[in-house]
1. If you go through segment A:40-48 one residue at a time, do you hit one that is of a type in the set (Gly, Ala, Ser) and under 16 Å from A:Gln6 (Cα atoms)?
2. What residue, of B:Gln11, B:Gln37, B:Gln6, is of a type in the set (S, T, N, Q) and more than 27 Å from A:Gly1 (Cβ to Cβ)?
3. Does any residue of segment A:40-53 turn out to be under 25 Å from B:Glu56 (Cβ atoms), open to solvent by 60 Å² or more (accessible area, probe 1.4 Å) and modelled with pLDDT of 95 or more?
4. In segment B:78-115, what residues are among the small types (Gly, Ala, Ser), more than 10 Å from chain A (Cβ to nearest Cβ) and not in a strand (DSSP E or B)?
5. So, of the residues in segment B:44-65 that are assigned to a strand (DSSP E or B) and β-branched (Val, Ile, Thr), which turns out to be most open to solvent (accessible area, probe 1.4 Å)?
6. Which of the residues belonging to segment B:77-88 are open to solvent by less than 10 Å² (accessible area, probe 1.4 Å) and either hydroxyl-bearing (Ser, Thr, Tyr) or out of contact with any strand residue (DSSP E or B) (no Cβ under 9 Å at 6 or more places or on another chain) (or both)?
7. Quick check on B:Phe32: is it buried (at least 17 other Cβ atoms within 10 Å of the Cβ) and at pLDDT 95 or above?
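The values are calculated or read from the model by the stated rules, or taken from the named source; none is laboratory data. Source: prediction; values computed, not measured. Counting neighbours? That spans all protein chains shown, and the Cβs are built from the backbone with ideal geometry, glycine included. Accessible surface is based on the protein model in full, side chains and every heavy atom, while ligands, DNA and RNA are left aside. Shrake-Rupley method; radii C 1.70, N 1.55, O 1.52, S 1.80 Å.
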Amino acid sequence: GENVEQHPSTLSVQEGDSAVIKCTYSDSASNYFPWYKQELGKGPQLIIDIRSNVGEKKDQRIAVTLNKTAKHFSLHITETQPEDSAVYFCAASGNTPLVFGKGTRLSVIA
Amino acid sequence: EPEVTQTPSHQVTQMGQEVILRCVPISNHLYFYWYRQILGQKVEFLVSFYNNEISEKSEIFDDQFSVERPDGSNFTLKIRSTKLEDSAMYFCATTSTSENTGELFFGEGSRLTVL
């Protein structure tokens, strides 16, 4: 089955700096790669997703890149703000339901 | 904005008791999922449900677990005889698009504490 690895587990950045979170996956049949943001005590919320026919996708300060050959995808947050502080999960699906990475706790220091 | 609604938000139960967690999916969604998250850990897939039957289930979803959609609205997860290790946050998620490749909308979760 699918296995998703996510790094780093924690990340602290200064407000205004960029943050990058990286994930790898194992199942070459996976073709959908969402990123979820989870705030304390809440359910995961989709922030951006990418499908295997696209290499990069951007939505304002958030971008995701996908390298299918290497089986890795990354989340980039630019101009970070304190409200970006949360746990971020990458996930992958295709033949299987969404499999999540272990999460990255992002702290943006004002 | 439509949302997935889960009840209860928090349930405390004694080991061995039965628990039912309820979810009201977004109205036009056809695919339903339960995930769980043990405190501080990743979100894990339990089961998917489509057309009134289980599509897939994980190793976690053993004979103690069951799901149903008894009245066409609520989607329930039942744990027959709870164990301490069932303590976790349980998330319902739904989607309207193709199974496994559509955006999943998650509820706020039901926190289960087994004593």
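1. no
2. Answer to the selection: B:Gln11.
3. No - not one qualifying residue is present in segment A:40-53.
4. B:Ser81, B:Ser87, B:Ser96
5. Pass one, segment B:44-65, residues assigned to a strand (DSSP E or B): B:44-50, B:53-57, B:65.
Of the ones still in play, those that are also β-branched (Val, Ile, Thr) are B:47, B:54.
Numbers: B:Val47: 0, B:Ile54: 73 Å².
The residue in question is B:Ile54.
6. As a first pass, look at segment B:77-88 and keep what is open to solvent by less than 10 Å² (accessible area, probe 1.4 Å): B:77, B:79, B:82, B:86, B:88.
Hit for segment B:77-88 is B:Thr82, nothing else.
7. Considered against the rule, which asks whether it is buried (at least 17 other Cβ atoms within 10 Å of the Cβ) and at pLDDT 95 or above, B:Phe32 comes out as no.
Yes or no, residue by residue, for (1) open to solvent by 50 Å² or more (accessible area, probe 1.4 Å); (2) among the charged types (D, E, K, R); (3) over 26 Å from A:Ala91 (Cβ atoms):
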| site | (1), (2), (3) |
| --- | --- |
| B:Val67 | no, no, no |
| B:Phe75 | no, no, no |
| B:Tyr90 | no, no, no |
| B:Ala93 | no, no, no |
| B:Ser96 | yes, no, no |
| B:Thr101 | no, no, no |
| B:Leu104 | no, no, no |
| B:Glu108 | yes, yes, no |
| B:Leu112 | no, no, no |
